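The values are calculated or read from the model by the stated rules, or taken from the named source; none is laboratory data. Everything quoted here is computed from the prediction, not taken from an experiment. Backbone-built Cβ (ideal geometry, glycine too); neighbour counts: all protein chains shown. Just the protein is used for accessible areas: all its heavy atoms, side chains included, with ligands, DNA and RNA removed. Shrake-Rupley method; radii C 1.70, N 1.55, O 1.52, S 1.80 Å.
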Amino acid sequence: MEGRRREVVVSSLQFACSDDISSNVASAERLVREAHAKGANIVLIQELFEGYYFCQAQREDYFQRAKPYKDHPTIARMQTLAKELGVVIPVSFFEEANTAHYNSIAIIDADGTDLGIYRKSHIPDGPGYQEKFYFNPGDTGFKVFQTKFAKIGVAICWDQWFPEAARAMVLQGAEVLFYPTAIGSEPQDQGLDSRDHWRRVMQGHAGANVVPLVASNRIGKETIETEHGPSQITFYGNSFIAGPTGEIVAEADDKTEAVLVAKFDLEKIKSKRQSWGVFRDRRPDLYKVLLTMDGNL
């Protein structure tokens, strides 16, 4: 007897950002509409898409880019868009919360309802990616959101390097994982290219947890003035959608604006996940070492 089907169409967007909020939000809206026209139910926009990736520099004036979560204009605009099109949209933004600042994402359901936020847990600090200057470590914990089309887990960029985050979201019932990102060249080492490493790690999350995974990254060159002179990153795009065994089912290149879409039957994947046994055979009683920093209990 054929089992019931529960299909969802997911989308990943990829575009170059200017440093103008209105033009970037307009680009995001245009591409969300294109994704919807291709049948998408859940559309992922890249990390901090309102402007340049400003974390190349440690500048006090960039804190002015942060806005409170409540009545955030870009979130409000995406709520209107989500309701009009009947799609789910995770919306990345720089959040000001009294004296704290977070790299956050609001999850907008298909009727325009704001389902809440996730705050980025893992904050990088290295040349070109000096996020610890701006962002407090997220305090929400890893979360899942019941949307109209699927129960989704959403984490942000540097979070994607940590298998614990993906596992925690799927343990809570996430049926699809979403990672908005901003990653490219390394200003201190032009010979270092993390693109393939970046992608393989997330393919591993999909395969290890038997869930589809959607990654959205920006393209283009962005130059930021720092105290040591100009710093430039060339973002390498390569946004992609992976299936539940880690296979790539849709991918973009490193230079071209893109709207990727892929369809999945969540009931079929659920059965595969259950039968594969990776959750049945877990041994949480043996994982206490993961609660330590140095591996010593």
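Scan the chain and report its longest stretch carrying no chymotrypsin sites (Phe, Trp or Tyr not before Pro) that are both in a DSSP loop and have at most 15 other Cβ atoms within 10 Å.
Result, exposed sites excluded: 1-278.
At 222 nm, what value in deg cm²/dmol follows for the chain if DSSP H runs of at least 4 each add -39500 (n - 2.57) and the sum is divided by all its residues, to the nearest 500?
-7000 deg cm²/dmol
Can you grab the distance from the C-alpha centre of segment 172-205 to the C-alpha centre of segment 235-260, Å, no decimals?
Spelled out, the Cα-based centre of one part sits 11 Å from the other.
Using the Karplus curve 6.51 cos²θ - 1.76 cosθ + 1.60 with θ = phi - 60°, what ³J(HN,Hα) values do you get for each residue of segment 70-87, in whole Hz, with x for Gly and Pro?
Coupling constants for segment 70-87: 5, 6, 5, x, 6, 4, 4, 5, 6, 5, 4, 5, 4, 5, 4, 8, x, 10 Hz.
Rounded to the nearest 20 debye, what is the charge dipole size of the chain about its Cα centre when +1 sits on each Lys and Arg Cβ and -1 on each Asp and Glu Cβ?
That gives a dipole near 1360 debye.
Name the long-range amide H neighbours of Val88: under 5 Å, sequence gap of 5 or more, or other chain; modelled H, no Pro or chain starts.
Ile42, Val43
One-quarter of the Cα convex hull surface for segment 214-297, in nm²?
10.0
Bins of 10 Å, beginning at zero and ending with the bin holding the largest distance: percent of Cα pairs per bin for segment 49-110, please.
Final binned percentages: 21, 48, 24, 7.
Enumerate the amide H contacts of Ala110 below 5 Å, restricted to partners 5 or more residues apart or on another chain; note that Pro and chain-start residues carry no placed amide H.
Here the answer is Lys148, since their amide H atoms fall under 5 Å of that of Ala110.
Over the chain, with the other protein chains present, what is the accessible area per residue in square angstrom, probe 1.4 angstrom?
45
To the nearest 10 square angstrom, how much accessible area does Asp265 have with a 1.4 angstrom probe?
Here the residue's solvent-accessible area equals roughly 20 Å².
Please give the solvent-accessible surface of Val201 in Å², to the nearest 10, using a probe radius of 1.4 Å with every protein chain present.
My reading of the accessible area for Val201 is about 30 Å².
In whole Hz and in residue order, list the ³J(HN,Hα) couplings for segment 28-38 that follow from phi through the Karplus curve 6.51 cos²θ - 1.76 cosθ + 1.60, θ = phi - 60°; x for Gly and Pro.
Result, rounded to whole Hz: 4, 4, 4, 6, 4, 5, 5, 4, 4, 5, 8.
Which semi-axes, in whole Å and largest first, does the equivalent ellipsoid of the chain have when worked out from the alpha carbon gyration tensor as the square roots of 5 times its eigenvalues?
One finds semi-axes of 29, 23, 19 Å for the chain.
Ordering His228, His197 by how much accessible area each has at a 1.4 Å probe, largest first, what is the list?
Heavy-atom accessible area, descending, gives His228, His197.
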